[in-house]
Amino acid sequence: MNRPCNAQHEFYESPLQGRYASEAMRRLFGDQRRFSTWRRLWLALATAQKKLGLDISDAQLQQMAEHLDDIDFDLAAQYEKKFRHDVMSHIHAFGDAAPLARPIIHLGATSQFVNCNYDLLTMREGLDILIGYLANIIDALGSFAHQWRDLPTLGFTHFQPAQLTTVGKRAALWCYEFIMDLEELEYRRDHLKLRGVKGTTGTQASFMELFAGDHEKIKALDREVARHMGLPATYTVTGQTYSRKVDAAVAASLAGVGATVHKLCNDVRLLANLKEVEEPFESTQVGSSAMAYKRNPMRCERATGLARWLMDISVSPLHTAAEQWFERTLDDSSNKRLAMPEAFLTADAILRIVLNVVRGLVVYPATIAAHVAAELPFMATENILMAAVKAGGDRQELHEKIRRHSHAAGARVKAEGLPNDLLSRLKADAAFAAVDMESLLDAARFVGRAPQQVDEFLAAHVVPVRQKYADRLGQTVELSV
């Protein structure tokens, strides 16, 4: 028997919309924001044109200002079906809402006046949202690094046990990459400009006609619109669009965030397998539908999957930049509608996940200590060798004894699955009788300057971020799933 469909769930919806991205970022790239920004741009243009002498009345500007947000989307859709042109459809819909202004809306402009300027304004605000998440992640990781600054843990190279580090020092490595991302996104945000008022191919020819060839008024128009929209300057030269290398650079910066998130989350996933550090796990959370005992690192797994998507889609704006012919081709438009919003929404999603994770990381010191104890005898052999030589032993003979005992202990661990007994073997060997083994096996002696490096890192890098973004720290995130 056929059941009626629930219309709300009948059609595909991007998971970024339904599951992952924040309300703030989704609103930023929503149609309401897009088209209300278009109207604000048209108002800014008309206001500047009136200021510079064009015959535009206060009543026309007032009527435009009264209808910036009450967009009739059904009417715009009807116009777009007729014109096959989204900008023209919204010019007509705005003209219907503000009929006095109809004759001067979009005067002298090209479609990219609203499209490009909207894109730049939106990217600027989107970068600022992401910067807020980054500041909070850096703050949280800084606190975690400080808390565990001196807890010895196995370092790994090639995912093989290496010299000891500390849990805090490893967190500082994670944190430093987020600081690099913060600096990169700040640069991108602060160096974005408006396309401004450049005309059909960027030559401002239509405005030469409107202002009777007055170059100074045309340059002033460009500045006035930028000032009105809150950006400090416009790009000096453009084609029909601003250079698509701007999009490519922003997308690459977001991909860098993806790489940082992927690295941290992979590390946490590996540590969860070692049972040393875990992401937060809620009391009612289910790890597996079949294996009830499991505590899967699902947040970090989700973040790594999304991070791969972010890194992959960042290539598309680069292709778009390369594919632009002369002053512009339209193949950028359909691609940008997908690539740039998806990049921002994905970056938003993974940073929200990471902020949730790093604020709730769980550390298991006893397990960490057990893993250190299992490997430390091998790492301590050089110190043991030096101590035995100082006690009067022959360096070459002692080295050979340690080599044989180490290989035997290693075989016991790998081939028989038994504990590492190297220390007891050395204690039983008369050649090492004068060596205080226990004092040489204090793990804190093997972490180098890791605790001090954490302190120095926090002072040099984390504290300035906390000071700069003090009013944005404490931002809360609630994951939908």
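The values are calculated or read from the model by the stated rules, or taken from the named source; none is laboratory data. Because the structure is predicted, anything quoted here is derived from the model rather than measured. Here the Cβ is made from the backbone with ideal geometry for all residues, glycine too, and neighbour counts use every protein chain on show.
In segment 66-87, the residue that is surrounded by the fewest Cβ atoms within 10 Å (Cβ to Cβ) out of those that are more than 36 Å from the chain's Cα centre (by Cα) and among the hydrophobic types (A, V, I, L, M, F, W, C) is PHE83. For segment 142-182, a residue qualifies if it is among the hydroxyl-bearing types (Ser, Thr, Tyr) and either without any contact (Cβ under 8 Å) to a residue 40 or more places away in the chain or in contact with a Cys (Cβ under 9 Å, 6 or more places away or on another chain) (or both), and the qualifying residues are SER143, THR157.
Restricting attention to segment 261-277, the residues that are surrounded by fewer than 23 Cβ atoms within 10 Å (Cβ to Cβ) and within 30 Å of THR320 (Cα to Cα) total 2. Using the structure shown, decide if ALA409 is under 43 Å from the mean Cα position of the chain (by Cα), not assigned by TED's automatic domain parsing to the domain that holds HIS146 and not β-branched (Val, Ile, Thr). So ALA409 fails the test. No other residue among THR241, THR200 is polar (S, T, N, Q), surrounded by fewer than 21 Cβ atoms within 10 Å (Cβ to Cβ) and part of a loop (DSSP other than H, G, I, E, B) apart from THR200. Under the condition of being without any contact (Cβ under 8 Å) to a residue 60 or more places away in the chain and among the polar types (S, T, N, Q), the residues counted in segment 247-269 number 1.
When you look at PHE457, is it touching a strand residue (DSSP E or B) at 6+ places or on another chain (Cβ under 6 Å) and either among the acidic types (Asp, Glu) or surrounded by 13 or more Cβ atoms within 10 Å (Cβ to Cβ) (or both), yes or no? Answer is no for this residue.
Within segment 392-412, the set of residues being touching a residue at least 24 places away in the same chain (Cβ under 8 Å) and assigned to a helix (DSSP H, G or I) comprises GLU397, LEU398, LYS401, ILE402, HIS405, SER406, ALA409, GLY410. Please work out if PRO419 is on the phi < 0 side of the Ramachandran plot and in a helix (DSSP H, G or I). Here the answer is no, as PRO419 does not meet what is asked.
Okay, residues lined up against (1) under 19 Å from LYS245 (Cβ atoms); (2) without any contact (Cβ under 8 Å) to a residue 12 or more places away in the chain; (3) buried (at least 17 other Cβ atoms within 10 Å of the Cβ); (4) of a type in the set (Lys, Arg):
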site	(1), (2), (3), (4)
ASP332	yes, no, yes, no
ASP348	no, no, yes, no
VAL354	no, no, yes, no
VAL362	no, no, no, no
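Among the residues here, GLY239 does not qualify as among the small types (Gly, Ala, Ser) and closer than 25 Å to VAL358 by Cβ.
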